[in-house]
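Accompanying notes for the structure given below.
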Amino acid sequence: MKHDLMTGSFPLVSALQEGLNKTLFGASASAVESLHADYGDEYLSDFERSLGLLKKAFPQNTFPDWAVRGFQRLGSTILREEVAFKQTGQYSAGIEELQTLKDDFYSNPDVMEGYYLVGLYCTYFLWPHHYELLKFYRKSFLYPPHDPQGLVMEWGPGHGLLSVEALGMWKESPALLIDLSPQSLRFSEAVLGASGADSRVETRLEDVLAAGALPRASRIICGELLEHVPDPQALIGRVKASLEPGGLAFLTGAINAPQPDHIFLFRSEEELLRLVEDGGLSVRAHLTVRHPSRAGDEKPPEVTAMVVGHGD
Ligand SMILES: C[S@@+](CC[C@H](N)C(=O)[O-])C[C@H]1O[C@@H](n2cnc3c(N)ncnc32)[C@H](O)[C@@H]1O
């Protein structure tokens, strides 16, 4: 790849890459090159468009510094957790820490707006396995591109990227986003606003497990939430109860993947697939991915994505 060509056509990607190269996360800057080699210019356009949304949504934040710092801080937080996990075999927080996480993490602007949400957003284009997941989401859940009849719900949208993708494909669908973090909802609203889909979106600030009656939806998006809740089986129960007949849900779950806000430790893909099937849902497609740098680990952090429907 010619660097000058890239600078001309993809200035935001190029600026981010340059910023990352000055940090300890320079390896992620070279991930841009290997992803470009694997997926061609489509990947660069994809990343450029998504960074454009970020920049438009948060004009007050300096780009690329904010994104570089966010990605770097998220990465170093995860590395610290991974070191501890190797020693203890447990996540640093457990179910009993949930209230503290709600008070000090999910509603803390320094964490959520400072690094977590922007960092996580960027991982979808800087971690090769997250980009693979995004492509699986598009191919196996969003296609065919005609609107599903009925409501689209996203639980735990965080940065809102998955809803941006869904509502960009399904141009008429209304959506309801539920998250217990006010910063997550604000971030999602801003990114959806930048994409032009905000007029179709409602938000609810709630713990999805504690929420009262939820509407029925024809599509439910629930990315990286199962490991954040004390009772993943109850979350699967809510998915089943909220999914219209013939509806589909997209779920992802992290396995052996320590982060400060992960409280439920899944140890294998089988465990996640069983959880879903035991909850009366059927898995129509699934994919498990891991970061290439962890490929040789005995118990590498992984993510399993699943497209599920009613089992009966
Ligand atoms: C790791 S982020 C997931 C972001 C995005 N869905 C993704 O897949 O990348 C987890 C999000 O879930 C939210 N969350 C955690 N527990 C929740 C709960 N019980 N109910 C609603 N939202 C929750 C957090 O505030 C955060 O925004």
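You will find that of SER184, SER199, the residue that is surrounded by 19 or more Cβ atoms within 10 Å (Cβ to Cβ), outside any loop (DSSP other than H, G, I, E, B) and either not assigned by TED's automatic domain parsing to the domain that holds LYS56 or not hydrophobic (A, V, I, L, M, F, W, C) (or both) is SER184 and no other. Taking the conditions (1) crowded, with 18+ Cβ neighbours inside 10 Å; (2) aliphatic (A, V, I, L, M); (3) not in a loop (DSSP other than H, G, I, E, B) in turn, ALA285 satisfies each one other than (1).
Between GLU165, GLU172, which is within 24 Å of ARG219 (Cβ to Cβ), among the charged types (D, E, K, R) and within 20 Å of the chain's Cα centre (by Cα)?
After ruling out the rest, the residue left standing is GLU165.
Look at the range 219-235: where a residue is in the same structural domain as THR252 (by TED's automatic domain parsing) and a partner is more than 10 Å from the ligand (Cβ to nearest atom) and among the aromatic types (Phe, Trp, Tyr), sitting 6+ places away or on another chain with Cβ atoms under 6 Å, you get GLU227/PHE264; PRO232/PHE264. Looking at LEU177, LEU133, just one residue is in the same structural domain as LEU243 (by TED's automatic domain parsing), among the hydrophobic types (A, V, I, L, M, F, W, C) and not in a helix (DSSP H, G or I), and that residue is LEU177. Here ILE220 meets the list (1) in contact with an Asp or Glu (Cβ under 7 Å, 6 or more places away or on another chain); (2) assigned to a strand (DSSP E or B); (3) within 16 Å of the ligand (Cβ to nearest atom); (4) not acidic (Asp, Glu) almost entirely, failing just condition (1).
If the condition is being among the hydrophobic types (A, V, I, L, M, F, W, C) and surrounded by 15 or more Cβ atoms within 10 Å (Cβ to Cβ), then the range 70-110 contributes PHE71, LEU74, ILE78, PHE85, ALA93, LEU98, LEU101, PHE105.
The values are calculated or read from the model by the stated rules, or taken from the named source; none is laboratory data. Source: prediction; values computed, not measured. As a convention, Cβ positions derive from the backbone with ideal geometry for all residues, glycine included, and neighbour counts pool all protein chains shown.
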